[in-house]
Amino acid sequence: MRRVDEAIREVLGDVLQRGELKDPRIGFATITAVRTSADLRHARVLVSVLPTDDADPSATVDGLASAHGYIQRRVGEELKLRNTPTLRFELDETIDRALRIQEILDDPPPPAVDPDPEPSDGGATGS
């Protein structure tokens, strides 16, 4: 399964790198992973988009989804699979999550302070 995933990722990467897609919504995108179902009918394609002022990551995913037929045909031609999986493009948010976690680790919130602490009686009981 990993070999199929990697082969699909390579074909999709070549399509993007060679500029075969003319859709202006598709910005600078990278195929980060492909996860194919066990029956090879479906494949989740995770796409990372370089953030720029012009590019909207969700628009890039929409552009790839609209070129689905062409891209799927290219995968079928290159890999000669019995059944070419149906490709579903999704935005890979791993990098955004990692940056957010790093931001939290770099600047932790101040420790919580109880505004009205109860006076301590030294552990004595009221008997």
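Where a number appears in this text, it was derived from the coordinates with a stated rule and is not lab data. These numbers come from a predicted model, not from an experiment.
Computed values, structure above
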read-out: Distance histogram for the chain (every C-alpha pair counted, 10 angstrom bins, percent rounded to whole numbers); value: 11, 34, 21, 10, 7, 6, 7, 4, 0
read-out: Among beta bridges that DSSP assigns inside the chain, antiparallel share in %, nearest 5; value: 55
